[in-house]
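Once you've had a glance at the structure underneath, I'll fire off some questions.
The values are calculated or read from the model by the stated rules, or taken from the named source; none is laboratory data. Bear in mind that the values here come from a model prediction, so they are computed numbers and not experimental data. So basically every Cβ, Gly included, is an ideal-geometry build from the backbone, and we count neighbours across all protein chains shown. All accessible areas refer to the heavy atoms of the entire protein, side chains included, with ligands and DNA or RNA removed. Shrake-Rupley method; radii C 1.70, N 1.55, O 1.52, S 1.80 Å.
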Protein chains: 2
Amino acid sequence: MKDVAARAGVGLKTVSRVVNGEEGVSADTEHRVREAITALGFRRNDSARTLRKGRTASIGLVLEDLADPFYAPLSRAVEEVARAHGALLINGSSAEDPDRERELVLALCARRVDGLIIIPAGDDHRYLTPEIEAGVAISFVDRAPGLIDADVVLSDSFEGAREGTAHLIAHGHRRIGFVGDQPQIQTAAERLRGYRTAMAEAGLPVDGSWVSLGPTNPERVRAETVRLLSGPEPVTALFAGNNRVTVTVVRVLAAQTRGVALVGFDDFELADLLSPPVTVVAQDPAQLGRSAAELLFRRLEGVDDPPRQLALPTRLIARGSGELPPEV
Amino acid sequence: MKDVAARAGVGLKTVSRVVNGEEGVSADTEHRVREAITALGFRRNDSARTLRKGRTASIGLVLEDLADPFYAPLSRAVEEVARAHGALLINGSSAEDPDRERELVLALCARRVDGLIIIPAGDDHRYLTPEIEAGVAISFVDRAPGLIDADVVLSDSFEGAREGTAHLIAHGHRRIGFVGDQPQIQTAAERLRGYRTAMAEAGLPVDGSWVSLGPTNPERVRAETVRLLSGPEPVTALFAGNNRVTVTVVRVLAAQTRGVALVGFDDFELADLLSPPVTVVAQDPAQLGRSAAELLFRRLEGVDDPPRQLALPTRLIARGSGELPPEV
DNA sequence: CTGAAAGCGCTTACAG
DNA sequence: CTGAAAGCGCTTACAG
């Protein structure tokens, strides 16, 4: 910039004015400056700008796994909102590891992102308190933060699971299995609670062996599904706690001769083309991302109400697998 | 940092040393500095660091759409390599719009990312020349850059499409349709060339009406697929040019009474659970991302050979749909 | 309409 | 083992 100023025979401030399209530069001067800029191949250094202005026009998004089909549209929606506000998006995957989440979040804070959207892996977010006090805006999405208060956007997991389970009950099922994610994940716990509530509301007992929570890797889910389907009194229907569980369960059921009803939490591509087509309790991942990003930019614009908690409704999509009658 | 130094009664440089874990600070001094840091809630500002060091430890990835199941694992793989090199990843979607690509890339350069991985939307990348001269490392992936020379990692689209088409021919098909992406996209053109080559090698004519290139939105693909399947001499098999095309074609075929063979470029989740299971020419998106990132970090470490061009092999996965016999 | 000076928060090169 | 000075490339606040 110094070089540009020298070559154009003007002051630094004038170059700055031209670069930023500010008022108050004569056409002639502007012309000389632009010429110098192209001649010298000048490119403004936003790091310097950032340092001076205090804002970086970037936000961070920490999620579990960018490659998960559930998070990809969420991330894309956040990106669109950021773009509308002139901000760039820095993405990071926590791999469901609380330490990695923390490390990533703090790295993002050290870069002075203006705001942060977090899908929590951990359940203690007190490490964020100094950052929040220093002025970083934060909103959580998909799961609530632990031990701190902040904006959060969730799907209504409880209500969705309750509705899905009630749907199976309405189609005649009495022995319904639940295969879900690890119990310390709030959404997993909420979905289990929804399942239990629906069963209780129908006056049905829940045998402890029908419920299986744990990591959602295919091996475990497969083994547990097989277990639920065997024995003298196997379940006649399954509720799958998330998209990855559903996909594995579908694979197991495809190998079964007996028809087993299935409702899965989360919609997924091609669910309607499987046989039977898979009935799901759908979330709207893009809307989750959009809402969280909008809450964030509200804060960035200075809104200072108490933290908000948004619960987006889920939607039951009946396609066939959830309407299968009990069969033993 | 100034405040920390004052409170600890040391010089700025000593604080810097402690923060960066450098040698040559007595245990006692270090202790005082750390105390001041926590007392004051000091958080190093990486923008300032960046300004001074010249490196930002961040790279940019510009792709078409983060939410596309093909790009999500690619992006994740890039993130992992970046992480291994201590760098953060800034993602941006070009939405297949050359202007938006350019805008994003230049914004990333203004932020002084150390390097850039680009999945080109446009076909003229001369706008990058000043950036490259200024020292930004760039590698392209999935498609080659236009009018400049740079590292690039591709799948072997030509060979993959040739093999997939030959597979259909080997199963008795003579009238094979090709539904692909817009012809100005290099990979689309290469895949078409592979198809034509396989047909020519088998001595089969290609009727102009069998080939349909254009946007891959469901409406167009659906209409074109229906067109190819109607008339007095319909095709008995289809080659689908990418994952999105394949999915739409599958939907159309599901509504057909006649069996139509299908080979799709790109693998996709649940392809094996459809009926019939879908035969595909699989790419390895994660490997594409990993290779491109590794080329990039080689450059960042100072390697200065001529640009490299890597073509990763594709893999034909026969699952059923591609082995269906011709049926009229 | 234009510019000189100070400063954003660090690191570098040097001296002690 | 420790620190003062200069500087990275911009913008801010001010003066003319």
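Within the stretch B:148-156, does at least one residue satisfy the condition of being within 30 Å of B:Phe265 (Cα to Cα), surrounded by fewer than 23 Cβ atoms within 10 Å (Cβ to Cβ), more than 11 Å from chain A (Cβ to nearest Cβ) and not hydrophobic (A, V, I, L, M, F, W, C)?
The answer is yes; a qualifying residue exists.
Then there's this: Check the stretch A:159-171 and report whether any residue there is surrounded by fewer than 16 Cβ atoms within 10 Å (Cβ to Cβ), among the hydrophobic types (A, V, I, L, M, F, W, C) and either more than 20 Å from A:Tyr71 (Cα to Cα) or not assigned by TED's automatic domain parsing to the domain that holds A:Gly264 (or both).
yes
Determine which member of the set A:Gly9, A:Gly41 is open to solvent by 30 Å² or more (accessible area, probe 1.4 Å), farther than 30 Å from A:Ala121 by Cα and more than 10 Å from DNA strand C (Cβ to nearest atom).
Going through A:Gly9, A:Gly41 in turn, the sole match is A:Gly41.
Any chance the stretch A:55-63 includes a residue that's at pLDDT below 90 and within 16 Å of DNA strand D (Cβ to nearest atom)?
Yes: the stretch A:55-63 contains one or more residues that are at pLDDT below 90 and within 16 Å of DNA strand D (Cβ to nearest atom).
Being within 14 Å of another protein chain (Cβ to nearest Cβ) and near DNA strand D (Cβ under 7 Å from one of its atoms) is the filter here; which residues of the stretch A:1-46 pass it?
If the condition is that a residue be within 14 Å of another protein chain (Cβ to nearest Cβ) and near DNA strand D (Cβ under 7 Å from one of its atoms), then A:Met1, A:Val19, A:Asn20, A:Phe42, A:Arg43, A:Arg44, A:Asn45 are the ones that fit.
Could I ask something else about it? Starting from residues that are in contact (Cβ under 8 Å) with a residue 24 or more places away in the chain, open to solvent by 10 Å² or more (accessible area, probe 1.4 Å) and within 15 Å of the chain's Cα centre (by Cα), keep the ones in the stretch B:78-96 and report whichever is nearest to the other protein chains (Cβ to nearest Cβ).
B:Ile90
Something else: Name the one entry in B:Ala271, B:Ala240, B:Ala261, B:Ala293 that is touching a strand residue (DSSP E or B) at 6+ places or on another chain (Cβ under 7 Å), assigned by TED's automatic domain parsing to the domain that holds B:Ile117 and of a type outside the set (Ser, Thr, Tyr).
Exactly one of B:Ala271, B:Ala240, B:Ala261, B:Ala293 is touching a strand residue (DSSP E or B) at 6+ places or on another chain (Cβ under 7 Å), assigned by TED's automatic domain parsing to the domain that holds B:Ile117 and of a type outside the set (Ser, Thr, Tyr), namely B:Ala293.
If I go through the stretch A:59-70 residue by residue, how many of them are open to solvent by 10 Å² or more (accessible area, probe 1.4 Å) and either in contact with a strand residue (DSSP E or B) (Cβ under 6 Å, 6 or more places away or on another chain) or of a type in the set (S, T, N, Q) (or both)?
1
For the stretch A:12-24, what are the residues that are closer than 13 Å to A:Ala36 by Cβ and either near DNA strand C (Cβ under 7 Å from one of its atoms) or of a type in the set (Asp, Glu) (or both)?
A:Leu12, A:Thr14
Follow-up. Which of the residues that make up the stretch A:263-304 are in contact (Cβ under 8 Å) with a residue 12 or more places away in the chain and acidic (Asp, Glu)?
A:Asp266, A:Asp267, A:Glu269, A:Asp272, A:Asp284, A:Glu294
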